Amino acid sequence: MEIGIIGAGSIGLLYSFYLSKNYTVTLYTNRKEQADIINEEGITVIKDGTQSLTKVHAEYERNYQEQLLIISVKQYDIEPIIEVLKKLSSRTVLFLQNGMGHLPFLSLLSHHKIVLGIVEHGALRIDVHTVEHTGIGRTKLSYYNSKNSDNTWIEQLLVEKHPCFPIELKEDWQKMLNEKLIANATINPLTTILKVKNGELIENEHFNVLLYELFTEVINVLGLQNERQLWDYVQNICKNTAQNESSMYKDIQKGNQTEIDAILGYCLHQAKNRNLAMPHITFLYHSIKGIEVRKGERDG
Ligand SMILES: NC(=O)C1=CN([C@@H]2O[C@H](COP(=O)(O)OP(=O)(O)OC[C@H]3O[C@@H](n4cnc5c(N)ncnc54)[C@H](OP(=O)(O)O)[C@@H]3O)[C@@H](O)[C@H]2O)C=CC1
Ligand SMILES: CC(C)(CO)C(=O)C(=O)O
């Protein structure tokens, strides 16, 4: 099976490394120099201090040929890719983004078999061809516009048996994405403005109150009922990733754009549609947007 992976950041490098063990992978980069380096030196994954190298073919030209395309760019880089996907013949397209920013574009791609995914791995790009696998998690997949049948590409992925790279199928994409959104909408912005690691949101009783207040707004706006179970889920993520900095906190420290629009921006949009007041979400959304603008002004 031939797989094209679009976006050679932390997730693109990690997925190229593991999937190339069983499939022919082409990794599409944003810059020619990165493709040249990957073609020459391969991809290195560092896990628990051990380095492993694999050869993967990288391309800068965007003539995606593969029958399975995996999209691993950030939410704010999705739109130009959608424009290309619109013109391609029918195939399977798997989106791996955090947040919900990609959903409005999917109606433009109805001739493709769309699969939504969430990533529970931790991955951190060290340089243009090296990624650190900072936490083993699952990839969860769910069919968006087709039934759980006749997708041989996805069925092949599901028999993937690498112990560090488990892949699961979920029935309900909305539930799957909502759960991930709850974690990203609560842990990410709070850790960013408080400048703390994930674990402090449960270790510090005052921060835990903030986490809970924000959590109740988020589940309210998403219209979710099983509060107890979801609150345990969020607290468990803080516990299991206690020593990690959230991706949003890392992005802000590096002066990068965040995915706040696809995360809290989406929640605010839902709140507006339903005429709900969301003071914590509003406060945090504008705090993060303000920090991004200040950074832009300093650089500008
Ligand atoms: N990293 C992680 O641990 C996790 C990430 N995710 C999600 O996965 C997604 C990807 O995240 P991550 O890998 O960390 O992000 P990165 O920023 O590390 O990587 C994104 C890459 O996409 C490249 N890119 C942008 N536009 C294009 C294009 N048109 N064609 C080819 N490449 C392009 C960027 O290039 P350039 O460098 O030139 O900008 C960058 O290298 C996000 O939605 C994130 O929320 C989810 C869970 C965990
Ligand atoms: C689950 C969480 C919050 C773990 O850090 C994450 O996905 C992120 O940082 O983006």
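To keep it simple, each residue is scored yes or no on (1) assigned by TED's automatic domain parsing to the domain that holds L13; (2) in contact with a Gly (Cβ under 6 Å, 6 or more places away or on another chain); (3) not in a helix (DSSP H, G or I).
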{"residue": "V73", "(1), (2), (3)": "yes, yes, yes"}
{"residue": "D77", "(1), (2), (3)": "yes, no, no"}
{"residue": "I81", "(1), (2), (3)": "yes, no, no"}
{"residue": "S90", "(1), (2), (3)": "yes, no, yes"}
{"residue": "G99", "(1), (2), (3)": "yes, no, yes"}
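Could you give me the residue pairs with C-beta distances under 7 Å whose first residue belongs to region 25-45 and is within 10 Å of K55 (Cβ to Cβ), whose second residue is of a type in the set (S, T, N, Q) and in a strand (DSSP E or B) wherever it lies, and which are 6+ apart or on separate chains? Here the result reads G42/T54; I43/T54, each pair linking region 25-45 to a residue that is of a type in the set (S, T, N, Q) and in a strand (DSSP E or B).
If the condition is being over 14 Å from the mean Cα position of the chain (by Cα), part of a helix (DSSP H, G or I) and among the small types (G, A, S), then region 1-37 contributes S16, A35. The residue that is nearest to ligand 2 (Cβ to nearest atom), counting only those in region 146-194 that are among the small types (G, A, S) and more than 18 Å from the chain's Cα centre (by Cα), is S146. Taking each residue of region 225-246 that is without any contact (Cβ under 8 Å) to a residue 12 or more places away in the chain and β-branched (V, I, T) and looking for partners that are more than 10 Å from ligand 2 (Cβ to nearest atom) and open to solvent by less than 100 Å² (accessible area, probe 1.4 Å) with beta-carbon atoms closer than 6 Å, six or more apart or interchain, yields nothing. Only a single item in (1) within 16 Å of ligand 1 (Cβ to nearest atom); (2) open to solvent by less than 30 Å² (accessible area, probe 1.4 Å) is not met by I154, and it is number (1).
The values are calculated or read from the model by the stated rules, or taken from the named source; none is laboratory data. Source: prediction; values computed, not measured. Using ideal geometry, Cβ is built from the backbone for each residue, glycine included, and neighbour counts are taken over all protein chains shown. Keep in mind that these areas ignore ligands, DNA and RNA; they rest on the heavy atoms of the full protein, side chains included. Shrake-Rupley method; radii C 1.70, N 1.55, O 1.52, S 1.80 Å.
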